[in-house]
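Heads up, the thing below is written out as structure tokens.
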Amino acid sequence: MKPMLLLGAVIALLAALAPFLSIYGQHIFVLVALYGAVALAWNILGGMAGQMSLGHALFVGAGAYLSTALYLKLGVSPWIGLVLAACLGGALGALMGYTVFRRKLSGVYFALVTLALAEMTLHIVSNVSALGAANGLAIPARPSLANLQFTSKLGYCYAALAVLTVAAIVIIVIHRTRLGYVFLAIRENERSAAALGIDVVQGKVIAAAISGALAALVGPIYANYVLFIDPESVFGITLSIDALLFSFVGGLGSLFGPLLGTVVLVPLTELLRGMLAGRLAGIHLIVYGVILVLVMRLAPRGLWGLLSDAIARRRA
Amino acid sequence: MSGPLLQVRGVSRWFGGLRAVDEVSFDLESHEIVGLIGPNGAGKTTLFETISGVIHPTKGAVTFDGSDITGHPPHRLARLGIGRTFQIVQPFRDVSVLENVIAGVLGPNRETSDPRAEAMAVLTRVRLDHRAGLLARNLSLPEKKRLEIARALATRPRLLLLDEVMAGLTPAEIDEIMVILADIRREGIALLIVEHVMRAIMSLSDRLVVMANGRKIAEGLPATVAADPAVIEAYLGRRHHGAA
């Protein structure tokens with residue numbers, strides 16, 4: 001029960017903290033929570049089950065476009081859109097996993113297939129006029145709970161925090177049940193996993209489905225926060241890479257390392273942009289890159305590994 | 001009682017023109033230890049991997065407990081009650097020894113009330129309980145071999161396939177494994193052992209199956225097989241009295 005209690009305490013603390021943040025602080029809060037949820041979702045497939053995806057934007061984008069299109073064209077409530085987004089993300093994940101893993105492709109091949117699928121979807125959506133093509137879709141501002149729109153940023157803080165909480169709960173439940181060991185065994189050694197009675201293909205497909213469903217859940221919240229989506233922002237490679245990067249920097253495979261990575265890197269990006277971008281174009285990205293290299297060099301097991309080593313040393 | 005626990009019937013596996021396994025048949029009763037021996041290249045490993053579902057036989061059939069399991073994938077065999085170890089140990093390196101065994105307890109997806117306690121009990125059986133918290137990568141080779149056995153035991157097999165669990169061990173370490181295997185048999189688990197350590201396989205096995213050039217050349221009690229001229233020829237060559 002301990003991890004659940006700890007999670008509850010952390011979420012309560014964050015929820016209590018949010019009202020006291022500045023508007024800008026709340027903006028960062030929303031970004032961290034949403035990116036954090038994507039990173040946690042990515043980590044279920046990439047870290048826990050060991051199958052690296054380079055295309056998680058596919059799920060976020062599919063979720064964002066599904067709920068937004070349904071709302072704009074058919075007047076379907078974004079709440080229903082949110083549920084449908086998760087279903088679509090899960091179905092896409094399962095389909096993607098089944099087509100690739102059944103052929104015993106994994107590692108770099110799986111990564112390339114996910115990258116290709118996300119990019120293909122980006123270009124297809126960019127050419128569908130019903131979805132706004134490359135111009136994207138703008139959502140008219142009609143703040144109300146029914147529309148999943150809020151008058152203040154605080155509302156979005158809580159919406160984003162809720163999605164993050166769902167992802168965290170799913171991860172804890174996986175970790176404490178048989179599925180957690182199925183993922184662990186697949187990640188560590190597929191031959192041994194099969195010899196122990198684990199259906200490796202099925203396990204990977206389940207991981208992809210759960211991961212896709214959770215990532216897709218972020219899409220509608222993001223769309224309603226920004227009130228505008230276009231293919232590049234939700235299907236783009238940048239988002240896919242971010243999910244992977246936050247997980248690597250935070251600590252691959254650890255349950256909440258990816259969240260730690262997000263908590264550090266997202267504000268860092270914003271900070272660097274604020275401090276440096278005005279002086280020399282692109283300099284903030286260079287500094288960001290240098291910091292990433294340093295973290296990977298000095299903490300190959302991620303910030304989470306660094307932290308747990310430090311705690312272990314303190315105890316010893 | 002129904003028939004034998006494991007029946008191998010005319011199993012062949014050809015790789016192009018090479019008949020790695022050629023029409024091999026034998027039975028294994030529950031509670032029995034059968035040793036599978038033969039010189040290098042005899043086809044033992046191919047036969048072993050055919051029984052364990054990794055390699056599909058070109059011809060022939062394997063039945064377990066009366067039902068046909070020919071060509072079943074490894075995970076289904078494990079769920080039916082066939083556990084196995086690997087010649088080159090394949091632990092889950094970056095997790096604890098205990099977690100390795102819990103994965104074995106949970107792998108076949110059967111009802112368990114306390115996987116952790118069950119895994120701990122299995123570790124005690126192979127005398128690895130004092131290493132439970134260690135990362136598997138940090139174990140010594142003999143300990144890794146025992147972990148390999150523990151993980152397979154955790155799936156609650158009725159038949160355990162052991163692929164050279166004693167290779168690379170010192171005589172003292174081999175004795176330790178032999179004690180563990182004798183314990184396992186006493187619990188009613190049948191064993192099929194591929195092994196090069198003659199001393200061990202002669203004293204452990206109830207029966208031996210001897211292969212050479214893909215074919216079964218002898219089968220029977222260890223003492224009988226050891227005196228069989230065909231077996232001696234396969235191991236030492238035809239005119240062994242004159243060989244240098």
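Counting trypsin sites (Lys or Arg not before Pro) as exposed when in a DSSP loop with at most 13 other beta carbons within 10 Å, what is the longest stretch of chain A free of them? Numbers along the way, then the final one.
Numbers: sites that count: A:102, A:103, A:104, A:279.
Looking at chain A, A:105-278 is the longest stretch - no exposed trypsin sites (Lys or Arg not before Pro) with at most 13 other Cβ atoms within 10 Å.
What fraction of the Cα pairs in the stretch B:66-150, stated in percent, has a spacing above 20 angstrom?
Details: 1277 of 3570 pairs.
I get 36 percent for the Cα pairs in the stretch B:66-150 exceeding 20 Å.
Taking just the alpha-carbon atoms of the protein assembly as shown, what radius of gyration and Dmax come out, in angstrom?
Answer for the protein assembly as shown, Rg first and Dmax second: 28.8, 99 Å.
Two decimals is fine: what is log10 I(q)/I(0) at q = 0.15 Å⁻¹ for the stretch A:187-237, from a Debye sum with one equal scatterer on every Cα and no solvent?
The calculated log intensity ratios at q = 0.15 Å⁻¹ are -0.59.
Springs between alpha-carbon pairs under 10 angstrom, Gaussian network model over chain B: which of B:177, B:217, B:193 fluctuates most?
Ranking B:177, B:217, B:193 by mean-square fluctuation puts B:217 first.
Counting Lys and Arg as +1 and Asp and Glu as -1, each charge on the Cβ, what is the dipole of the stretch B:6-236 about the Cα centre in debye, to the nearest 20? Working shown, then result.
Details: 27 positive and 28 negative charges, 96 e Å.
For the stretch B:6-236, the charge dipole is close to 460 debye.
Can you list the residues, at least 5 places off or on another chain, whose amide H is less than 5 Å from the amide H of residue B:158, using H built in the peptide plane?
HN-HN under 5 Å from residue B:158: B:82, B:83.
Just round it to a whole percent: the fraction of Cα-Cα distances in chain B exceeding 31 Å.
Values: 6931 of 29646 pairs.
The share of Cα pairs beyond 31 Å in chain B comes to 23 percent.
Sequence gap at least 6, Cα distance under 8 Å: using those rules, report the relative contact order of chain A to the nearest whole percent.
On the way: 508 pairs, mean separation 99.2, N = 316.
Relative contact order of chain A: 31 percent.
Across the stretch A:254-268, in residue order, what do the Karplus-derived ³J(HN,Hα) couplings come to in whole Hz, using 6.51 cos²θ - 1.76 cosθ + 1.60 with θ = phi - 60° and x for Gly and Pro?
Residue by residue, the stretch A:254-268 yields 5, 4, 10, x, x, 5, 4, x, 5, 4, 7, 7, 5, x, 4 Hz.
Whole-Hz Karplus ³J(HN,Hα) for the stretch A:111-122, in order, using 6.51 cos²θ - 1.76 cosθ + 1.60 and θ = phi - 60°, x for Gly and Pro?
4, 5, 5, 5, 4, 4, 4, 5, 5, 4, 4, 4
May I ask you to compute the full-extension gain from residue A:279 to residue A:104, defined as 0.36 nm times their residue separation minus their alpha-carbon distance, rounded to one decimal in nm?
58.0 nm
If the cut-off is 27 Å between C-alpha atoms, which lysines fall inside it for residue A:153, apart from same-chain ones fewer than 8 positions away?
Of all the lysines, those that pass the test against residue A:153 - Cα under 27 Å, at least 8 places apart if same chain - are A:73.
Work out, step by step, the length gained on full extension between residue A:176 and residue A:291: first 0.36 nm times the residue separation, then minus their alpha carbon distance; give nm to one decimal.
Roughly 38.0 nm would be gained on extension.
Tally Lys and Arg at +1 and Asp and Glu at -1 over the other residues with C-beta under 12 Å from the C-beta of residue B:154: what net charge comes out? Walk me through the numbers before you get to the answer.
Details: positive: B:110, B:116, B:125, B:151, B:156; negative: B:99, B:118, B:148.
Residues close to residue B:154 contribute a combined charge of +2.
Given the options A:42, A:79, A:304, which has the most mean-square fluctuation in a GNM of chain A, springs set between C-alpha atoms less than 10 angstrom apart?
Judging by the Gaussian network model, the answer is A:79.
Where the accessible area of the protein assembly as shown is counted over protein heavy atoms with a 1.4 Å probe, how much of it, in %, is carbon and sulfur?
Details: 15790 of 24720 Å².
Of all accessible area on the protein assembly as shown, carbon and sulfur atoms account for 64 percent.
For chain A, set up a Gaussian network in which alpha carbons nearer than 10 Å are linked by springs, and say which option among A:275, A:96, A:48 fluctuates the most.
So, out of A:275, A:96, A:48, the one fluctuating most is A:275.
When ligands, DNA and RNA are left out and all protein chains stay put, how many square angstrom of accessible area per residue does the protein assembly as shown have with a 1.4 Å probe?
Values: 24720 Å² over 560 residues.
On a per-residue basis, the protein assembly as shown sits at 44 Å².
For residue B:217, which sequence-distant residues (separation of 5 or more, or a different chain) have an amide H within less than 5 Å of its own amide H, given hydrogens modelled in the peptide plane?
Amide H neighbours of residue B:217, under 5 Å, 5+ apart: B:210, B:211, B:212.
With only alpha-carbon atoms counted, please give the Rg and Dmax of the stretch A:210-301, in Å.
14.7, 43
With r as the distance between the Cβ atoms of residue A:142 and residue B:113 and R0 = 56 Å, compute the FRET efficiency 1/(1 + (r/R0)^6) and round to 0.05.
Working: r = 53 Å, r/R0 = 0.95.
For residue B:113 and residue A:142, the calculated efficiency is 0.60.
Could you compute Rg(Cα) / (2.2 N^0.38 Å) for the stretch A:2-236, with N its residue count?
The stretch A:2-236 yields a ratio of 1.04.
Given labels modelled 7 Å from the Cα in the Cβ direction, how far is it in nm from residue A:87 to residue A:123?
About 3.1 nm separates the two model spin labels.
Could you run the numbers on buried accessible area between A and B, total for both chains, 1.4 angstrom probe, in Å² to the nearest 100?
Details: alone 15140 and 11370 Å², together 24720 Å².
By this definition, chains A and B bury close to 1800 Å².
Using the structure shown, select from A:104/B:59; A:204/B:44; B:44/B:145 the pairs with a Cα to Cα distance greater than 29 angstrom.
Values: A:104/B:59 25 Å; A:204/B:44 32 Å; B:44/B:145 20 Å.
Long pairs (Cα-Cα over 29 Å): A:204/B:44.
Once fully extended, how much extra length lies between residue B:213 and residue B:23, figured as 0.36 nm per residue of separation less the alpha-carbon to alpha-carbon distance?
Residue separation times 0.36 nm, minus the Cα-Cα distance, leaves 67.3 nm.
Using all Cα-Cα distances in the stretch B:1-89, what percent lands in each 10 angstrom bin from 0 up to the longest?
Here the calculated profile for the stretch B:1-89 is 16, 51, 30, 3, 0.
Residue B:35's amide H: which non-local residues (gap 5+, or another chain) put their own amide H closer than 5 Å, with H modeled 1.01 Å from N in plane and none for Pro or chain starts?
B:193, B:206, B:207, B:208, B:209
Residues of the stretch A:160-184 with accessible area at least 30 Å² lower in the all-protein-chain context than alone (1.4 Å probe)?
Residues passing the criterion (a loss of at least 30 Å², heavy atoms only) are A:178, A:181, A:184.
Sum -39500 (n - 2.57) across every DSSP H segment of at least 4 residues in chain A, then divide by the residue count to get the 222 nm mean residue ellipticity, nearest 500.
Values: 14 runs with 234 residues, N = 316.
Helices in chain A give a 222 nm mean residue ellipticity of -25000 deg cm²/dmol.
Cα extents of the stretch A:259-316 along the three principal axes, largest first, in whole Å?
Principal extents (Cα only, largest first): 47, 19, 16 Å.
The values are calculated or read from the model by the stated rules, or taken from the named source; none is laboratory data. No experiment lies behind these values; they were computed from the predicted model shown. Methodologically, a virtual Cβ is constructed for each residue, glycine included, from the backbone with ideal geometry; neighbour enumeration extends over all protein chains shown. Remember, those area values only see protein heavy atoms, side chains included, never the ligands or the DNA or RNA. Shrake-Rupley method; radii C 1.70, N 1.55, O 1.52, S 1.80 Å.
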